[in-house]
2 protein chains.
Amino acid sequence: MIHSVDADIDSHRIAARISQAIHEHRLAPGTKLSEEEVAGTFDVSRTIVRAALQRLAHDRLVELKRNRGAYVAQPTVREAREVFEARALLEPRTARSAAERAGPADIALLRRHIDEEHAAMHDDDAGRALYLSGLFHIEIARIADQATIAAFISQLIARSSLIIALYWERRRALCESHSHHALLAAFEQKDGARAEELMTSHLVDLLASLDLRRPPAGARSLKEALALSTGRLR
Amino acid sequence: MIHSVDADIDSHRIAARISQAIHEHRLAPGTKLSEEEVAGTFDVSRTIVRAALQRLAHDRLVELKRNRGAYVAQPTVREAREVFEARALLEPRTARSAAERAGPADIALLRRHIDEEHAAMHDDDAGRALYLSGLFHIEIARIADQATIAAFISQLIARSSLIIALYWERRRALCESHSHHALLAAFEQKDGARAEELMTSHLVDLLASLDLRRPPAGARSLKEALALSTGRLR
DNA sequence: TGGGACAAGATTGTATCCAATTCTGTCGGT
DNA sequence: ACCGACAGAATTGGATACAATCTTGTCCCA
């Protein structure tokens with residue numbers, strides 16, 4: 001599962017931790033990631049942190065502004081559409097082939113993911129639920145045994161997490177577990193065609209649950225966040 | 001075209017140069033990229049080079065071996081299949097939407113690419129022809145106006161270049177320009193469906209022109225290269 | 001002659017240092 | 001009171017120095 005990467009061990013670990021924090025919505029889009037602060041948190045030198053931030057920047061999870069530091073990315077509306085466009089090309093066919101290949105162990109694993117997702121939901125830990133929901137998709141790519149595509153999907157799902165943080169319409173119920181259950185059923189029956197359809201509509205639903213009209217909803221800088229939350233200033 | 005990246009300017013430039021060299025088959029798979037050597041070549045410090053190599057490693061163009069340096073990647077047979085699998089998911093639909101969106105300027109640009117490709121071919125500069133042939137695909141993704149997908153395709157094409165270096169069967173004529181001409185015709189007629197079909201079969205042809213049975217054809221290390229080229233060792 | 005141990009050299013990994021740029025707060029002018 | 005200029009502080013960018021690891025060559029012994 002964890003294929004030991006021969007590249008920078010620590011920077012990999014730090015990038016993974018930050019990535020997970022973003023995924024769980026514990027780091028909001030726009031948050032500044034000061035090199036020294038991160039270095040202090042993980043007790044390494046800035047050199048390592050810089051490598052980690054570069055890696056995250058390459059995955060579009062953070063944006064590096066020259067001489068100004070690293071910030072958790074804030075996908076634009078356009079980027080949001082592009083991410084879901086890419087997912088629409090990759091995930092349905094991948095789900096199909098995963099459904100056709102899935103063995104009992106794979107299905108058990110997926111079921112465990114869904115259960116954990118439920119548990120997190122019940123604990124009102126929406127962040128963790130979102131993270132697990134992402135893992136579900138990544139797991140499917142892994143089952144399809146396509147590491148290259150899985151890497152792409154991982155990146156897209158991480159970015160989706162940011163998009164959800166910015167654009168999710170609270171009004172609409174997201175209710176991912178329903179779609180995931182349906183997908184699991186298709187997997188159990190090795191019904192690739194149905195898995196492909198379900199994944200397609202799942203992605204459509206997800207996109208539909210976003211409000212991609214004008215405004216990037218979330219707090220992007222502390223200043224702006226306060227300005228917005230307190231109504232007009234003064 | 002060149003949207004000024006706010007991240008490391010020099011490291012971006014160096015990564016691009018190395019990437020192009022790989023693309024043009026001027027750097028063979030397995031070649032070691034010594035930090036100091038690269039640093040000397042571009043007259044910068046190792047710091048910059050390390051950033052560039054990390055970037056290339058993220059794109060799977062080089063492999064970073066801990067404490068042992070950076071080497072031009074040598075995709076396995078499995079990776080080769082995966083890359084073309086991913087291309088098969090992304091490129092046809094992208095070609096379709098590009099064909100439907102392409103304006104006269106886009107078509108002129110594509111035609112210029114094909115012409116340059118011909119010229120390179122005529123000059124017997126197979127490396128440059130291959131590079132331009134890759135640019136043709138990337139240009140299509142750009143026309144489709146999907147930056148995210150375009151980035152994925154760019155990476156896949158770069159890796160394809162390595163795959164071709166390792167697995168291309170010289171016997172079979174590659175004759176990319178023929179396929180590219182046909183695609184261009186579909187673009188001129190704004191025939192998205194046809195463009196999608198043509199791209200699919202183009203990719204199938206490309207994959208078919210490779211010899212993905214056992215052996216990774218190219219020279220991977222100097223030692224092994226000599227061992228192979230001189231027959232049995234003394 | 002072949003193989004293993006050891007030492008010197010070379011290369012990468014990380015930390016630290018200094019320069020360059022940006023940010024912040026203050027001052028002075030209008 | 002508002003705006004711009006300027007100085008100091010803080011932060012990032014890049015180079016260098018040192019430590020850790022690997023490679024290479026030699027020597028000794030079986």
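Read-outs: derived from the displayed coordinates by stated rules, not from any lab. Not measured: the values here are computed from a predicted model. We place every Cβ from the backbone using ideal geometry, glycine too, and count neighbours over all the protein chains shown.
Give a residue-ordered list of calculated ³J(HN,Hα) values for region A:87-102 (Karplus: 6.51 cos²θ - 1.76 cosθ + 1.60, θ = phi - 60°; whole Hz; x for Gly, Pro).
Values, residue by residue: 4, 5, 6, 8, 6, x, 5, 5, 4, 4, 6, 5, 4, 6, 9, 4 Hz.
What is the order of B:T31, B:T148, fewest Cβ neighbours within 10 Å to most? Numbers along the way, then the final one.
Details: B:T31 19, B:T148 23.
Fewest-to-most Cβ neighbours within 10 Å comes out as B:T31, B:T148.
Rounded, prolate or oblate for region A:141-205? Axes are the square roots of the Cα gyration tensor eigenvalues, ordered a ≥ b ≥ c, and the cut-off for rounded is a/c under 1.5.
Taking the square roots of the gyration eigenvalues as a ≥ b ≥ c, region A:141-205 is oblate.
Lys and Arg at +1, Asp and Glu at -1: add these up for the other residues within a Cβ distance under 11 Å of B:F187 and post the number.
Residues close to B:F187 contribute a combined charge of 0.
Take region A:77-208, drop everything but the C-alpha atoms, weight them equally and run the Debye formula without solvent; then report log10 I(q)/I(0) at 0.11, 0.19 Å⁻¹ to two decimals.
The computed values of log10 I(q)/I(0) come out as -0.34, -1.09.
Please sort by residue number the trypsin sites (Lys or Arg not before Pro) in region A:93-176 whose DSSP state is loop and whose Cβ has at most 14 other Cβ atoms within 10 Å.
Sites meeting the loop and neighbour criteria: A:R170, A:R171, A:R172.
Out of all Cα-Cα pairs in region A:9-74, roughly what percent, to the nearest whole number, are more than 17 Å apart?
Summing the P(r) tail past 17 Å for region A:9-74 gives 29 percent.
Over all alpha-carbon pairs of the protein assembly as shown, lay out the pair-distance distribution in 10 Å bins, whole %, shortest bin first.
Cα pair-distance distribution for the protein assembly as shown, in percent: 4, 18, 28, 27, 17, 5, 1, 0, 0.
Shortest first and in nm with one decimal, please list how far the B:D125 label point sits from its counterparts in the other copies (point 7 Å along Cα→Cβ).
5.8
Helix-only mean residue ellipticity at 222 nm, chain A, DSSP H runs n ≥ 4 weighted -39,500 (n - 2.57), per residue, nearest 500. What is it?
On the way: 10 runs with 157 residues, N = 234.
Rounded to the nearest 500, the figure is -22000 deg cm²/dmol.
Taking a point 7 Å out from Cα toward Cβ as the label site, list the nm distances between B:E36 and the same residue in every other copy, smallest first.
The answer, with the shortest distance listed first, is 3.4 nm.
Binning every alpha carbon pair distance of region B:1-135 at 5 Å from zero, what are the percents per bin?
Distribution as computed: 2, 9, 13, 17, 17, 18, 14, 7, 3, 1, 0 percent.
Between B:D123 and A:R68, take the C-beta separation as r, use R0 = 45 Å, and let me know the FRET efficiency to the nearest 0.05.
Values: r = 45 Å, r/R0 = 1.01.
My answer for the efficiency is 0.50.
What are the ³J(HN,Hα) values, in whole Hz, obtained from phi via the Karplus relation 6.51 cos²θ - 1.76 cosθ + 1.60 with θ = phi - 60°, for each residue of region B:68-75 in sequence order, with x given for Gly and Pro?
Values per residue, Gly and Pro as x: 10, x, 10, 10, 4, 5, 10, x Hz.
Around A:G127, with a cut-off of 15 angstrom between Cβ atoms, what is the net charge of the other residues, counting Lys and Arg +1 and Asp and Glu -1?
-3
Residue-wise, which Karplus ³J(HN,Hα) couplings in Hz belong to region A:49-58, taking 6.51 cos²θ - 1.76 cosθ + 1.60, θ = phi - 60°, and x for glycine or proline?
4, 4, 4, 5, 5, 4, 4, 5, 5, 5
Would you mind computing the Rg to Rh ratio of chain A from its alpha-carbon coordinates, Kirkwood style for Rh?
0.99
Ordered shortest first, which distances in nm separate the 7 Å Cα→C-beta label point of B:L109 from those of the other copies?
Ordered by increasing distance: 4.1 nm.
Take the alpha carbon atoms of region A:87-138, find their center, do the same for region B:65-132, and report the distance between the two centers in whole angstrom.
Here the answer is 33 Å between Cα centres.
Quick one: what Rg and Dmax do you get for region A:73-136 from the alpha carbons, in Å?
Using the Cα atoms of region A:73-136, the pair Rg, Dmax is 14.7, 40 Å.
Within the protein assembly as shown, what is the number of lysine pairs with alpha carbons under 16 Å apart, leaving out pairs fewer than eight places apart on the same chain? Show your work: numbers first, answer last.
Values: A:K32/A:K65; A:K32/A:K223; B:K32/B:K65; B:K32/B:K223.
Total qualifying Lys-Lys pairs in the protein assembly as shown comes to 4.
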